[in-house]
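For reference, the structure discussed in these notes is given below.
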Amino acid sequence: MGCDSTRCPGWMRTQGNLSSMHPVIETAGLHKTFGRVQALDGLDLTVTAGEVHGFLGPNGAGKSTTIRILLGLARATGGTATIFESDPWKDAVALHRRIAYLPDDVSLWPNLTGGETIDLLSRLRGGTRDRSAYRARRADLIEAFQFDPSKKGRSYSKGNRQKVALIAAFATPAELYIMDEPTSGLDPLMEAVFGQEIAQVSAAGATVLLSSHILSEVEELCDRVSIIRAGKTVETGTLAELRHLTRTEVSFAREGLTDKLLQEIPSTHDLCTVKDRVQFTVDSESVTAVLLSLALLDVKALTIAPPSLEELFLRQYGDTLTPAEGSAAHSSESAR
């Protein structure tokens, strides 16, 4: 994610001093009710300066409600929420000058062209004051996202509407990017472009809160993740910190190993043989002992797959996901 002074645009290098010792986003015991519906039930969330933070949970978990409270579009029923140590409800106008937001469902003015919409949104955030820098950045993004800015908003597909919002968000520098399902409707090539832009703004010192159903995307881009369930945070930390909660997959060629020898391998779960390969899972804290045992057996064609974010997610939600949610939360191939 590095970005040196010879490669970074000038507007990005000015962002390098944005980090502080205080969290950029912090919620504590956040509650929100809509009548009898409890949308948030004591949500705790901390996003530190300069990090890309994944915000995970299926539909109905409370992600969008949290984002609306952080943007000052809804008022919390209880608990606290701050952005840059300010109240997002009371200080929304000032905070919005420092935030770029991408909603999960982008709507455009039907009679404005895509380029006009990008310029209007950028002007609202004060991003066109340095016109030459803005035009250069806008042109680079239009080229990178392979976008035609001359068409009217009503003619754009979902993917192109998403591109309008993404270009507008990245064309004007921000200290905090809040993105709700940002790659919805994009093809894999454009998803890769999005990842490159996230890497650039992160290298420049900006903070990103990224809500996504594409777990491979979160795993690739995010420094830390928070998983929420029924309006509460159930897991939070770096992927390395969370991987101890899931099991590592191990497989190797059987090649003459007897059942007795296989049974002596410590701490295995679900051991079986499939097409002449031994397969099992092991709790992450027991991997070292298992590897020592396999070395003594002189196993061949050993492969080890570390636990994925998908496994961690399904560990929290596998018992309650609907078929549609389970499909959305599956591997990168099924998600994409």
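Some observations on this one:
- Each residue in the stretch 20-35 was checked for being assigned to a strand (DSSP E or B) and of a type outside the set (S, T, Y), and 8 of them qualify.
Let's see how each residue does on (1) outside the structural domain of L43 (by TED's automatic domain parsing); (2) more than 30 Å from G42 (Cα to Cα); (3) touching a Leu at 6+ places or on another chain (Cβ under 8 Å):
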position: N59; (1), (2), (3): no, no, no
position: T66; (1), (2), (3): no, no, yes
position: Y101; (1), (2), (3): no, no, yes
position: L108; (1), (2), (3): no, yes, no
position: A139; (1), (2), (3): no, yes, no
position: S157; (1), (2), (3): no, yes, no
position: N160; (1), (2), (3): no, yes, no
position: V164; (1), (2), (3): no, yes, yes
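- Looking only at residues of the stretch 36-72 that are in contact with a His (Cβ under 8 Å, 6 or more places away or on another chain) and in a loop (DSSP other than H, G, I, E, B), we find that the one that is modelled with the lowest pLDDT is P58.
- Considering only residues in the stretch 18-35 that are modelled with pLDDT of 95 or more, of a type in the set (A, V, I, L, M, F, W, C) and touching a Gly at 6+ places or on another chain (Cβ under 7 Å), the one that is surrounded by the most Cβ atoms within 10 Å (Cβ to Cβ) turns out to be L30.
- Taking the stretch 176-232 as the range and being under 21 Å from R161 (Cα atoms) and in a loop (DSSP other than H, G, I, E, B) as the test, the residues that pass are E181, P182, T183, S184, G185, L186, D187, S212, H213, I214.
- Residues that are part of a helix (DSSP H, G or I) and surrounded by fewer than 16 Cβ atoms within 10 Å (Cβ to Cβ) occur at least once in the stretch 94-110.
- Single unsatisfied condition, H269 versus (1) in a strand (DSSP E or B); (2) of a type outside the set (A, V, I, L, M); (3) over 30 Å from V234 (Cα atoms): (3)
- For the stretch 156-166, the criterion of being in contact with a strand residue (DSSP E or B) (Cβ under 9 Å, 6 or more places away or on another chain), surrounded by fewer than 18 Cβ atoms within 10 Å (Cβ to Cβ) and in a loop (DSSP other than H, G, I, E, B) is met by no residue.
- Residues of the stretch 198-213 that turn out to be surrounded by fewer than 19 Cβ atoms within 10 Å (Cβ to Cβ) and either within 14 Å of the chain's Cα centre (by Cα) or charged (D, E, K, R) (or both), as a count: 1
- Taking the criterion of being within 24 Å of A192 (Cα to Cα), under 26 Å from the mean Cα position of the chain (by Cα) and either buried (at least 17 other Cβ atoms within 10 Å of the Cβ) or among the hydroxyl-bearing types (S, T, Y) (or both), the residues of the stretch 122-146 that qualify are S122, R137, R138, L141, I142, A144, F145.
- Filtering D298, D283 for residues that are without any contact (Cβ under 8 Å) to a residue 12 or more places away in the chain, over 30 Å from G62 (Cα atoms) and not polar (S, T, N, Q) leaves a single hit, D298.
- Counted residues, the stretch 36-49 - those being surrounded by 20 or more Cβ atoms within 10 Å (Cβ to Cβ) and closer than 15 Å to L209 by Cβ: 3
- Verdict on E249 being touching a residue at least 40 places away in the same chain (Cβ under 8 Å) and farther than 30 Å from G79 by Cα: yes
- Of residues in the stretch 78-93 being exposed (fewer than 12 other Cβ atoms within 10 Å of the Cβ) and outside any strand (DSSP E or B), the one modelled with the lowest pLDDT: V93
- Yes/no for R75 being out of contact with any Pro (no Cβ under 8 Å at 6 or more places or on another chain) and not in a helix (DSSP H, G or I): yes
- A search for C-beta distances below 8 Å between a residue of the stretch 136-158 that is in contact (Cβ under 8 Å) with a residue 24 or more places away in the chain and any residue that is exposed (fewer than 13 other Cβ atoms within 10 Å of the Cβ) and in a loop (DSSP other than H, G, I, E, B), counting only pairs 6+ apart in sequence or on different chains, returns K152/P110; K152/N111; G153/W109; G153/P110; G153/N111; R154/P110; R154/N111.
- Selection status of V225, in the same structural domain as L40 (by TED's automatic domain parsing), touching a Ser or Thr at 6+ places or on another chain (Cβ under 6 Å) and either of a type in the set (S, T, Y) or surrounded by 19 or more Cβ atoms within 10 Å (Cβ to Cβ) (or both): no
The values are calculated or read from the model by the stated rules, or taken from the named source; none is laboratory data. Only a predicted model underlies this, so the values are computations on that prediction, with no experimental measurement involved. Cβ sites come from the backbone with ideal geometry, for glycine too, and all protein chains shown count toward neighbours.
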